[in-house]
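Written out below as structure tokens is the structure these notes cover.
The values are calculated or read from the model by the stated rules, or taken from the named source; none is laboratory data. No experiment lies behind these values; they were computed from the predicted model shown. Note that each Cβ is placed from the backbone with ideal geometry, even for glycine, and that neighbours are counted across all protein chains shown. We work out accessible area using only protein heavy atoms, side chains counted, and drop any ligands, DNA or RNA first. Shrake-Rupley method; radii C 1.70, N 1.55, O 1.52, S 1.80 Å.
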Amino acid sequence: MKRIMTRAAGAGVTRRGLLQGTGAALSLAALGATPSRAFAERRWDLVIIGGGTAGLPAAIEAAARGARVLVIDKAPQLGGTLHVSTGQMSGAGTVFQARAGIEDSAEAHYADAMRINRNTGDPAITRLWTQHAGETLNWLAEHGFDIGEDQPVYGQAHEPYETRRYLWAPEGGRAILEVLLRLLEPHVAAGRVELMLSTGAVELIKTRQGRVTGVVVEDEDGRRQDVQSAEVLLAAGGCAANPRMYEDLHGVPLYCQAAWPYSQGQGLMLGLGAGGQLHGGDRYLGLFGAVMADTWTPAGLDFSLGLYADSRPPWELYVNVHGQRFIREDEASVHERELALDDQPGHRFWVVFDEATLANAPSLVPGWSEARLRERFEDHPMLFSAPTLASLALRAGIHPRGLEASVAEYNARREAGATDPLGREYRPVSLDQGRYYGIMCQGWTLVWFAGLVVDDSLRVLDADGQPIPGLTAAGEILGAGATSGKGYVGGALVTPALAFGRLLGARLAAGSA
């Protein structure tokens with residue numbers, strides 16, 4: 001055999017004797033942790049690299065069908081991004097829709113998803129997701145998952161669906177994790193599923209004929225061992241916690257550091273090392289701005305502004321670094337706003353307003369009082385104020401003449417009753433009552449768009465488009481571009497990860513029988 005080296009960056013962790021998760025906590029001893037030598041001498045039906053949104057349902061379904069399963073995860077606990085995710089999902093024909101009297105179909109869900117991303121998603125993978133999304137949500141519901149009384153909804157903070165199929169639990173991703181851990185527990189107790197936590201996968205093992213037959217793992221003390229398997233499923237996360245890899249794959253800096261810390265791109269490197277290929281980095285699209293905690297990149301997310309015209313009509317102007325307006329501030333389409341920001345230098349803009357706006361407009365930050373916002377202008381590195389527009393521009397890093405010209409044109413056209421040059425209709429006040437204020441907003445995202453190329457059976461494909469025997473992939477490792485395209489389709493990350501994990505667990509178990 002030959003080994004394909006695929007060493008990847010990762011965060012060092014301390015091994016714990018406890019498997020942590022909402023609603024379940026099992027000691028590693030009780031889970032049947034096996035000595036190193038015994039691992040090397042055994043062969044599993046399925047090895048899953050990544051114990052998160054896709055890996056856990058894969059393990060559950062495979063074990064339920066009699067397969068011997070090993071789950072490997074770099075983190076000291078199962079769950080992956082479900083620990084930090086809001087758990088937003090969508091599906092057609094669900095019990096949640098039925099109790100709300102909503103009629104829907106997988107075909108309508110598919111068409112809606114492709115409409116939202118303007119046909120930039122992968123049609124085959126998107127169709128596979130929407131075909132199995134409803135049954136996946138019903139499976140969760142059967143085992144205790146539930147949602148808020150006001151759901152499903154058309155959308156929230158993203159382009160809406162045409163049908164109410166978007167939903168989440170009040171507890172976010174942890175509610176999903178609770179269900180998965182509860183379903184996994186009996187399989188672990190019976191020895192059908194074994195775990196290797198705080199352990200990284202560093203190499204895939206391939207035969208001379210090119211079939212993946214296992215993985216080399218490394219524990220926190222640097223000890224390595226071979227793990228043999230009939231099938232290997234790559235279900236590790238993406239690279240949203242690895243700034244260098246993120247920028248290499250997308251050509252855009254990782255502006256915000258808020259992802260699960262183990263999302264270092266290890267699975268992507270394993271897939272590449274086995275001969276796979278990546279795509280989707282060119283589908284990057286940031287969300288429409290938030291206020292970062294500081295000026296460095298990546299920075300932490302501090303707070304968001306109420307910039308959605310349907311919930312808070314805008315009083316302010318939005319300008320880029322040149323002081324130019326780039327989108328009508330009352331544009332209702334979230335997608336159009338995101339596309340407009342994608343063309344701006346540094347994917348950033350400034351929300352500019354005057355004293356009268358600050359004193360009289362609805363709160364710019366949901367839940368904040370005017371006094372609280374005023375206080376933040378005293379100490380926040382992204383908030384600026386000055387007695388004149390020119391001095392505000394200099395402090396904020398905006399071109400002074402550009403800003404003055406933009407504000408002057410806006411005011412003049414509003415006062416004359418002339419059409420706004422960008423088509424803005426809601427113009428409650430002119431911006432002419434100094435003091436002036438500016439808030440720097442940064443386009444950002446929690447997701448990665450680049451991912452492994454797979455076929456509609458989720459087999460990893462090589463550079464010639466041929467499946468790599470013994471190697472499949474599911475979950476975030478496919479990249480958001482596969483199902484969400486260059487956009488944000490509601491529920492297009494968590495739901496396909498769950499659905500694809502279940503599909504592969506059942507299929508791979510059948511193949512090993």
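Ranked highest first by the average count of other Cβ atoms within 10 Å around their residues, in what order do 359-365, 452-458 fall? Numbers along the way, then the final one.
Working: 359-365: 14.4, 452-458: 19.6.
The packing order, highest mean first, is 452-458, 359-365.
Using only alpha carbon pairs under 8 Å that are at least six residues apart, calculate the relative contact order of the chain and give it in whole percent. Provide the component values of the computation, followed by the final result.
Values: 1208 pairs, mean separation 120.2, N = 513.
Contact order relative to length: 23 percent.
Over all directions, average the projected area of the Cα convex hull of the stretch 219-318 and note it in nm².
Values: hull surface 41.0 nm².
Computed as one quarter of the Cα hull surface, the answer is 10.3 nm².
Angle between the Cα long axis of helix 370-379 and the longest principal axis of the chain, 0 to 90 degrees, nearest 10?
Helix 370-379 sits roughly 80 degrees off the main axis of the chain.
Give me the net charge of C239's neighbourhood, meaning all other residues with Cβ under 12 Å from the Cβ of C239; Lys, Arg count +1, Asp, Glu -1. Walk me through the numbers on the way to the answer.
Numbers: positive: R244; negative: E247, D248, E476.
The answer is -2.
If the only charges are +1 at each Lys and Arg Cβ and -1 at each Asp and Glu Cβ, what is the size of the charge dipole of the chain around the Cα centre, to the nearest 20 debye?
Working: 46 positive and 58 negative charges, 324 e Å.
Result for the chain is approximately 1560 debye, rounded to the nearest 20.
Taking only Cα atoms, what is the 0 to 90° angle, nearest 10, from helix 494-512's long axis to the longest principal axis of the chain?
Roughly 10 degrees between the two axes.
How many angstrom separate the Cα center of the stretch 256-280 from the Cα center of the stretch 175-235?
When both Cα centres are located, 17 Å separates them.
Would you compute the Debye intensity of the stretch 113-228 from its alpha-carbon atoms alone, equal scatterers and no solvent, and pass along log10 I(q)/I(0) at q = 0.14 Å⁻¹ to two decimals?
Ignoring solvent entirely, the Cα scatterers give -0.93.
Taking only the alpha-carbon atoms of the stretch 340-414, what semi-axes of the equivalent ellipsoid follow from 5 times the gyration tensor eigenvalues under a square root, in whole Å, largest first? Write out the running numbers ahead of the final one.
Details: eigenvalues 89, 52, 40 Å².
Listed largest to smallest, the semi-axes of the stretch 340-414 are 21, 16, 14 Å.
Compute the distance from the alpha-carbon center of the stretch 82-135 to that of the stretch 392-459, in whole Å.
Answer, in whole Å: 32.
Enumerate the amide H contacts of T213 below 5 Å, restricted to partners 5 or more residues apart or on another chain; note that Pro and chain-start residues carry no placed amide H.
Placed amide hydrogens put I205, K206, T207 under 5 Å from T213.
Please compute the net charge surrounding T120, taking Lys and Arg as +1 and Asp and Glu as -1 over other residues with Cβ under 13 Å from its Cβ. Mind dumping the intermediate values first?
On the way: positive: R115, R118, R283, K486; negative: D122, E159, D282, E338, D342.
Summing Lys/Arg as +1 and Asp/Glu as -1 gives -1.
Rolling a 1.4 angstrom probe over the protein heavy atoms, how many square angstrom per residue are accessible across the chain?
On the way: 19830 Å² over 513 residues.
Accessible surface, normalised per residue, equals 39 Å².
At a 1.4 Å probe radius, carbon and sulfur cover how many percent of the accessible area of the chain? Could the numbers behind the result be given before it?
On the way: 9650 of 19830 Å².
Result for the chain: 49 percent of the exposed heavy-atom area is carbon or sulfur.
I'd like to know which of A418, L254, L78 lies farthest towards the positive end of the charge dipole of the chain, counting +1 on Cβ of Lys and Arg and -1 on Cβ of Asp and Glu.
The one lying farthest along the dipole's positive direction is L78.
Give the residue list of GluC sites (Glu not before Pro) in the stretch 91-139 that are DSSP loop and have at most 14 other beta-carbon atoms within 10 angstrom.
Values: sites: E103, E107, E135; in loops: E103.
Hits after loop and neighbour filter: E103.
Share of antiparallel DSSP beta bridges in the chain, in percent to the nearest 5? Please report the intermediate quantities before stating the final value.
Working: 46 of 64 bridges.
Here the share of antiparallel DSSP bridges comes out near 70 percent.
Express in Å², to the nearest 10, the accessible area of D104 obtained by rolling a 1.4 Å probe over the protein heavy atoms while all chains stay in place.
Rounded to the nearest 10, that gives 40 Å².
Any idea what the dipole of the stretch 300-443 comes to, in debye rounded to 20, about its Cα centre with Lys/Arg Cβ at +1 and Asp/Glu Cβ at -1? Show your work: numbers first, answer last.
Numbers: 15 positive and 22 negative charges, 46 e Å.
That gives a dipole near 220 debye.
With viscosity set to 0.890 mPa s at 25 °C, what whole-number translational diffusion coefficient in µm²/s follows for the chain from Stokes-Einstein and a Kirkwood radius over Cα pairs? Write out the running numbers ahead of the final one.
Values: Rh = 24.2 Å.
The estimated diffusion coefficient comes to 101 µm²/s.
Could you work out the equivalent-ellipsoid semi-axes for the stretch 414-481, taking the square root of 5 times each eigenvalue of the Cα gyration tensor, largest first, in whole Å? All intermediate terms of the calculation are to be shown ahead of the outcome.
On the way: eigenvalues 561, 49, 14 Å².
Result for the stretch 414-481: semi-axes of 53, 16, 8 Å.
Can you find, among L317, V216, L272, the residue farthest towards the positive end of the dipole of the stretch 210-321? Put +1 on the C-beta of Lys and Arg, -1 on that of Asp and Glu.
Towards the positive end, the residue furthest out is L272.
Would you tally the net charge around V321, using a Cβ to Cβ cut-off of less than 14 Å, leaving V321 out, and scoring K and R as +1, D and E as -1? Please list the in-between numbers first.
Details: positive: R325, R348, R395, R401; negative: D343.
In short, +3.
If you fit an axis through the alpha-carbon atoms of helix 106-116 and take the longest principal axis of the Cα set of the chain, what angle between them do you get, 0 to 90°, nearest 10?
40 degrees
Testing the spin-label approximation: label points 7 Å from Cα along Cα→Cβ at H143 and R118. State their distance in nm.
Once both label points are built, they end up 3.9 nm from each other.
Give me the extension gain from R43 to A293: residue separation times 0.36 nm, minus the current Cα-Cα distance, reported in nm with one decimal. Please list the in-between numbers first.
On the way: separation 250, 0.36 × 250 = 90.00 nm, distance 4.84 nm.
85.2 nm is the gain from fully extending R43 to A293.
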